[in-house]
Amino acid sequence: MGEGLAILLLLWATTCRAVVINEVMSNPEGPESEVSDHNEFIELYNYGEDTDLSGFHLECGVSGGTREEILEWSGDFVAPDVITHTTLIPGGGYALILPPGYVDSSSHPQPYQFGEGAVILTIGTKSFGQSGLATTHHLWLFDSAARLIDTYGSPDDTGDGIPFDPGEGVSVERIDPTAPDTEANWSASLHESGCTPGMRNSVSRIYNLALLTEDISFFPSSPMVGGNCEILVQPRNLGRGWAKDFELLVYSDGNLDYEYQPEELIGRTTVVDSLEPLRGQASVSFLWSGLEEGDYSIVGEIHYALDEDTSDNSAQRFLRVGAPLPDVIINEIMCDPLSPQPQWLELHNRSSRTHELTGFTISDSDSASFYILPDLILNPGEYCVVAASTSDFGYPDVQILVQPTNGFPYLNKGEDIVFLRDVHGFIFESVHYFSAMGGAYGVSLERVSPQVAQSTPLVRLPGDGTACGRVHHL
């Protein structure tokens, strides 16, 4: 009997200790508020056998706090391919503990892409702790018998550097889920989205090359017809191991399908130099000659057989060759407005001529739909705001405010291309923006100068976060 009990205790220890706190999002993107508290999450990972978390509790705080029971998510959930209505976390599986308010789509944007098969859990209170997680909070995980099985932030070591603030919109990830909770075993997420909920941590990968939009540059930035353009591509190593002997190719994605075709190739090469772990970068130059006038989507792509995450192995950058800046330009973009404001973009007639834009369309890189502008005439120097909704629009001093007749494209917060097309469907103007340009919740992206083609939009800091419908401050 004693031997059997010992075996059962050993099985319990092996199973429960295999469930660990694996990732913590305590500083979601956006201003500190009840809304941002909804976007906090705690990820658990099970590197052992299937384990039922029924009766497990979580405690958070600086030196302890109220224990909150971990519960199954019993209602509807917005994300596809996740598992609800259970507290069973399979071996090798992930579970996300979310505040109940995460699904309140009327008050916040639900910003995360969850890994397929992730188990969604929640707690019985409105938020973690007294009023949400703080970057200084420790975490304690208890099993159904109130036994401590894991921690975050090494609560017993008050002299180390964790917990810490990884930055807004960035999670803290465990490097090795089987290793103890120590300062050396935690790091800020390296993923371009800032976190990896329900999937393998970005800091845990041995081999992980990545290419971001800002890793592609053009020299000159606005090449002439018949001239040359140097395309500089700088892949980076986000893995914990050295990386070398991978292929890098660049192509002009003429049909915008984000898939390489041989006739689209600009150049390819093998990078033989070793990139050091965690942010080591290479610089590879490609020369594109005999350019023809037009708008081009330039894609860089990494081929690396050892890569453990191929989702970030390609990036796209927009290039205009030879075409002069049009009279009517996309001058400002609000892709992440304050709730309940709609998304919008601003058009500006920078010329001395009157332009009729009736029947012009707007679209973005993710949409096959074109959204038609209503009757619209822009006089010299005038501004027009095109909004997803005019009824909820609250900015003052707007000269002209219109809403497309058949909807509005959903503009991605991190990166997108916005197109203005004429009545024949030809691209009249376009702007490619991405997260490195700045922007934030309630802060627009502005064109620096209406006289410069492809000028980089930057963040306007003072005032209400936007110069909607008026001259920019930059």
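Within segment 62-105, if we keep just the residues that are touching a Lys or Arg at 6+ places or on another chain (Cβ under 8 Å) and over 30 Å from Thr158 (Cβ atoms), the residue that is modelled with the highest pLDDT turns out to be Pro100. Tallying residues that are surrounded by 15 or more Cβ atoms within 10 Å (Cβ to Cβ) and at positive phi within segment 268-290 yields 1.
Residue-by-condition table, conditions (1) of a type in the set (Asp, Glu); (2) surrounded by fewer than 17 Cβ atoms within 10 Å (Cβ to Cβ); (3) out of contact with any strand residue (DSSP E or B) (no Cβ under 8 Å at 6 or more places or on another chain):
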residue: Ser365; (1), (2), (3): no, no, no
residue: Tyr371; (1), (2), (3): no, no, no
residue: Pro374; (1), (2), (3): no, yes, no
residue: Tyr383; (1), (2), (3): no, no, no
residue: Ala387; (1), (2), (3): no, no, no
residue: Thr390; (1), (2), (3): no, yes, no
residue: Phe393; (1), (2), (3): no, no, no
residue: Phe408; (1), (2), (3): no, no, no
residue: Asp416; (1), (2), (3): yes, no, no
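Cβ-Cβ under 8 Å, sequence separation 6+ or interchain: first residue in segment 402-415 and farther than 11 Å from Thr361 by Cα, partner modelled with pLDDT under 90 and among the aromatic types (Phe, Trp, Tyr). Which pairs? Between residues of segment 402-415 that are farther than 11 Å from Thr361 by Cα and residues that are modelled with pLDDT under 90 and among the aromatic types (Phe, Trp, Tyr), the close pairs are Gly414/Phe434; Glu415/Tyr433; Glu415/Phe434.
Hey, can you tell me all the residues within segment 222-231 that are surrounded by fewer than 21 Cβ atoms within 10 Å (Cβ to Cβ) and among the β-branched types (Val, Ile, Thr)? Within segment 222-231, just Val225 meets the criteria. When segment 140-193 is limited to residues that are in contact with a Lys or Arg (Cβ under 9 Å, 6 or more places away or on another chain) and aliphatic (A, V, I, L, M), the one that is farthest from Leu209 (Cα to Cα) turns out to be Ala146. Taking segment 232-259 as the range and being buried (at least 17 other Cβ atoms within 10 Å of the Cβ) and assigned to a strand (DSSP E or B) as the test, the residues that pass are Val233, Arg236, Asn237, Ala243, Phe246, Leu248, Leu249, Val250, Tyr251, Ser252.
What residue, among those in segment 147-194 that are at positive phi and within 26 Å of the chain's Cα centre (by Cα), is surrounded by the most Cβ atoms within 10 Å (Cβ to Cβ)?
Applying the first criterion (at positive phi) to segment 147-194 yields 153-154, 167, 169, 194.
Remaining after also requiring within 26 Å of the chain's Cα centre (by Cα): 153, 167, 169, 194.
Details: Gly153: 25, Gly167: 13, Gly169: 22, Gly194: 23.
If we take residues in segment 147-194 being at positive phi and within 26 Å of the chain's Cα centre (by Cα), then Gly153 is surrounded by the most Cβ atoms within 10 Å (Cβ to Cβ).
How do the strands (runs of 3 or more DSSP E) wholly within segment 115-220 filter down when requiring 2 or more residues that are aromatic (Phe, Trp, Tyr) and assigned by TED's automatic domain parsing to the domain that holds Leu238: which remain?
Working: elements: 119-123, 138-142, 148-152, 172-174, 186-188, 216-219.
Ranges flagged: 216-219.
In the set Gly267, Gly280, which member is modelled with pLDDT of 90 or more, assigned by TED's automatic domain parsing to the domain that holds His303 and more than 20 Å from Gln316 (Cα to Cα)? The conditions single out Gly280.
May I ask you to verify whether Ser131 is surrounded by fewer than 19 Cβ atoms within 10 Å (Cβ to Cβ), over 23 Å from the mean Cα position of the chain (by Cα) and not hydrophobic (A, V, I, L, M, F, W, C)? So that I can check it myself, show each step before the final result.
Numbers: surrounded by fewer than 19 Cβ atoms within 10 Å (Cβ to Cβ): yes; over 23 Å from the mean Cα position of the chain (by Cα): yes; not hydrophobic (A, V, I, L, M, F, W, C): yes.
Considered against the rule, which asks whether it is surrounded by fewer than 19 Cβ atoms within 10 Å (Cβ to Cβ), over 23 Å from the mean Cα position of the chain (by Cα) and not hydrophobic (A, V, I, L, M, F, W, C), Ser131 comes out as yes.
Scanning segment 78-92 for residues that are under 23 Å from the mean Cα position of the chain (by Cα), buried (at least 17 other Cβ atoms within 10 Å of the Cβ) and in a loop (DSSP other than H, G, I, E, B) yields Ala79, Val82.
When every residue of segment 435-455 is checked against the conditions, at least one turns out to be touching a Lys or Arg at 6+ places or on another chain (Cβ under 8 Å), at pLDDT below 75 and hydroxyl-bearing (Ser, Thr, Tyr).
The values are calculated or read from the model by the stated rules, or taken from the named source; none is laboratory data. What you are looking at is a predicted structure, and each value in this text was computed from that prediction instead of being measured. Reconstructed Cβ throughout: ideal geometry from the backbone, glycine too, with neighbour counts over all protein chains shown.
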